[in-house]
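Below is one structure, written out as structure tokens; comments come after it.
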Amino acid sequence: LVEDAAHIAELKRLAMDIGFRAPLYTATGWHSKGGARLPQDEVIPMFGGYPEAPWEQHREKLPPSSHFFFQRMRNDAAIGADLMPAPAGDGWQLPYERYPFATCEMGGGVPTGLIRRPIIRPMDVYAMSLVELGSGNNWLGYYMYHGGTNALGKSSTLNTTWCPVRDYDFQAPISQYGEIREQYRLLNLLNLFVTDFGSILAPMEMVESETVVERCDTESLRYCMRTDGEGGFVFVNHYQRLDRLKDIQGVVFRTDRVVFPPMDIQGECCFFMPFDMPMGTEVLEYATAQPLCRVGHTYFFVEIPGIPPVYAIQGKVLSPVRSGLDAVLQAGGVNLVTLTWHQALFARKIRGDLCICETEDLMERDGRIAAASGNPVFSYYVWRDDRFVLCRAGGDRPAESLPAACLIREPCAQPFDIPEAYALYLNRDHKREQAWFRLRVDSPRGFVVIRDMFDVGQLYVDGILAADHFYDGRPWRLPAKMLYGRACYLVYSAMEDDFYREF
């Protein structure tokens, strides 16, 4: 983190001198309550936020995060607060109004630390991202989106005082070993929307609710609007990390020209709904469903859990509307398709086609549609000629089910000395009891799981630290291919009641 506008400007000049020419140049905009000191109009300040703060060195539950409330404030000075110097005393204030609202570090998860070990739930990530979108964000940038593994070296960790040596999984939407997590599917709802409707949303201003919702308020409705003065979207968040919000019955949203039907907002949900939204030659007066994407003259929506999908178009109210792959509603010159929540979570745009497989996460690999799980045989639907068509990948035969690797482990004496730097993690501030195991797997397929309770675990493969883990209440998953045919040893230290936990 650099608090020097001249330094940032010089870095940009050096980059341009050696040929790094880009349409936009950015820099992190947080640093203190006044924002980072950046050269005006030379870079776009980028912001972020996390559902937890694992860099804090205490074991208390944090107060409700501001990122679950709709607000105009972009700057979160709490990010990396353990690394920031004291703010300057000259009253510096970053002129936010000069720049579009953009994020580069919305927390797709958070790391697990020695002192704080939060468990990130999928809705933690989705609700926070939707709230930022409603609050005016036009650039969804996440950190991390795909977890990773730190290389071994002198500077291999984010912060050696509290982070693991190798583990940089970050509880991200895609794990460090490539597994898809539920927040990946949830964020895809937003990614599809901004890809197809971003040009409509981007010029819209954020309009706050009439009532300011305080941080500890679990009863008031959290909502806002983004509008260009004619059409727009109503955003609602009914989720707060680690807290339960009171259900609200019979909510009626009103804009200058549109009145939505009454709806009950209950459970853990967050969503947005359009009003006066252009759809080709038609105008959608309102919908109590969330817009997802479009293909040609077909507009796809998501049924919001607990709210019946209703559409008002051409002066008519269409209600209730059935959801599902075969539920195509024609209105003027457009089609409306309302997907179930589950179907939308598995919807992917691949080469311009909307594809849905309700059991696999689809992706493009070597020019073909493939399953992220590696399953070679699966069925999926693709939208063609105004309907979903069933397709099959890998032939008509069911995939041969091969068992995942079986983990075999044997208690053993410590087989070798480990570097002092790694032993410090096992012992922390005092010598802790340790347990050693020899590990073997019978195949390289799938994952193996360590279910023991411990403080810090380390896996050594052929004498080298290959993985480590700070226990947070969940099983430790390792790819079998990492262990197959190798000399593998597991060591972990005894768990004590000296860290923040959510289990």
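Per-structure values
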{"read-out": "Label-reachable residues, the range 478-503, where backbone N falls under 20 Å from a point 7 Å from HIS58's Cα toward its Cβ", "value": "497-503"}
{"read-out": "For VAL295, distant residues with modelled amide H under 5 Å away", "value": "PHE300"}
{"read-out": "FRET efficiency, SER199 to THR359 (Cβ-Cβ, R0 25 Å, nearest 0.05)", "value": "0.15"}
{"read-out": "Peptides ranked, highest mean first, by Cβ atoms within 10 Å: ranges 477-486, 412-421", "value": "477-486, 412-421"}
{"read-out": "Calculated FRET efficiency for the pair ARG368/GLU433, C-beta based, R₀ 35 Å, to 0.05", "value": "0.10"}
{"read-out": "Carbon and sulfur %, accessible surface of the chain computed with the full protein complex present, 1.4 Å", "value": "51 percent"}
{"read-out": "Shape call, the chain: gyration tensor on alpha carbons, a/c limit 1.5", "value": "oblate"}
{"read-out": "Chain lengthening between ASN138 and ARG474 when straightened (0.36 nm per residue, less Cα-Cα)", "value": "117.5 nm"}
{"read-out": "Surface accessible to a 1.4 Å probe, per residue, for the residues of the chain, Å²", "value": "46 Å²"}
{"read-out": "Amide H within-cut-off set for GLU52, under 5 Å, with H built and near neighbours excluded", "value": "none"}
{"read-out": "Difference of contour (0.36 nm per residue) and Cα-Cα distance, ARG21 to SER319", "value": "102.1 nm"}
{"read-out": "The chain - share of DSSP beta bridges that are antiparallel (%, nearest 5)", "value": "85 percent"}
{"read-out": "Full-stretch length increase - ASP386, LEU152 - with 0.36 nm per residue and alpha-carbon distance subtracted", "value": "79.0 nm"}
{"read-out": "Charge context of ILE369, other residues only, Cβ under 12 angstrom, K/R +1, D/E -1", "value": "+1"}
{"read-out": "Calculated [θ] (222 nm, deg cm²/dmol) that DSSP helices of n ≥ 4 give over the chain, each run adding -39,500 (n - 2.57)", "value": "-3500 deg cm²/dmol"}
{"read-out": "The chain: DSSP helices with Cα axial extent of at least 27 Å and average Kyte-Doolittle hydropathy no lower than -0.5", "value": "182-201"}
{"read-out": "C-alpha center-to-center spacing [the range 432-473, the range 12-41] in angstrom", "value": "42 Å"}
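The values are calculated or read from the model by the stated rules, or taken from the named source; none is laboratory data. It should be emphasised that the depicted structure is a prediction, and the values quoted were computed from it without experimental measurement. Cβ sites come from the backbone with ideal geometry, for glycine too, and all protein chains shown count toward neighbours. Heavy atoms of the whole protein, side chains included, go into the accessibility calculation; ligands, DNA and RNA do not. Shrake-Rupley method; radii C 1.70, N 1.55, O 1.52, S 1.80 Å.
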